[in-house]
Amino acid sequence: SDVCFSDLSMFLAAGCSLGDDANTSCDESKTTFDTVTWKEPRDLFDPTRYRMVNDLLESGVLDGVAEAEVVELLGPPEVTPYEAEGLSYRLGQPCRLTEGPTGAYLVVRLEAGRVVATRVELEDAATT
C-alpha cells in the first residue's frame, strides 16, 4: 500500500497529488468537489470520487470540523480496510487492474470528535 499523506498540511506542503506516475494508466482528470455527486450511489470501481478528492482536501473544508459535519458533507462512513483508523470512504479505482493503484480510499482521522488529519491510501494490484 502506498501512503501519500499523513496530515493535510503535509499533503499540501509536499505537493502530493494522485495518479502522477507517468508509467501507469491512471485517470488523472480532476473535478470540483460536489457533496451531492460524492454521495450518489456508484459501483466500487467508479473513479468519480477519486477525481474530486484533491479539490476536497485542498479546499480545507474538512479541517477541524466535527464528525457530524463530515458525515453531512460526505455521507456515512463506509466499510473499508481503513475503517478502524477513522471515517473512511472508497474513492474508486483510478487505474487499470494491471498497472498502478487499483483502489483508493479517503481516511479521516478524528480526535475528540473533530478532524485532525486526512489522508489518501492507494492500493496497487499486488496488494488487492
Tabulated pairs, the range 36-50, first free of Cβ contacts under 8 Å to residues at least 12 places away in the same chain, second open to solvent by less than 90 Å² (accessible area, probe 1.4 Å) and part of a helix (DSSP H, G or I), C-beta under 9 angstrom, 6+ apart or interchain: GLU40/THR48
Top-ranked residue in the range 66-96 [being touching a helix residue (DSSP H, G or I) at 6+ places or on another chain (Cβ under 8 Å) and of a type in the set (A, V, I, L, M); ranked as surrounded by the most Cβ atoms within 10 Å (Cβ to Cβ)]: LEU91
Residues of the range 44-65 satisfying the condition of being open to solvent by 30 Å² or more (accessible area, probe 1.4 Å) and of a type in the set (A, V, I, L, M, F, W, C): LEU44, PHE45, VAL61
Residue that is modelled with the highest pLDDT, among those in the range 78-98 that are closer than 18 Å to VAL115 by Cα and of a type in the set (A, V, I, L, M): LEU87
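Residues are listed down the side, and each one gets a yes or a no for (1) over 19 Å from GLN93 (Cβ atoms); (2) at pLDDT 90 or above:
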{"site": "ALA13", "(1), (2)": "yes, no"}
{"site": "THR24", "(1), (2)": "no, no"}
{"site": "GLU28", "(1), (2)": "no, no"}
{"site": "ASP34", "(1), (2)": "yes, yes"}
{"site": "ARG49", "(1), (2)": "no, yes"}
{"site": "PRO76", "(1), (2)": "yes, yes"}
Check on PRO41, modelled with pLDDT under 95 and open to solvent by 40 Å² or more (accessible area, probe 1.4 Å): yes
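The values are calculated or read from the model by the stated rules, or taken from the named source; none is laboratory data. Just so it is clear, the model here is predicted, and its values are computed rather than measured. All Cβ positions, even for glycine, are placed from backbone atoms using ideal geometry, and neighbour counts span all protein chains on display. Just so you know, the surface numbers come from the protein's heavy atoms only, side chains and all, with ligands and any DNA or RNA stripped out. Shrake-Rupley method; radii C 1.70, N 1.55, O 1.52, S 1.80 Å.
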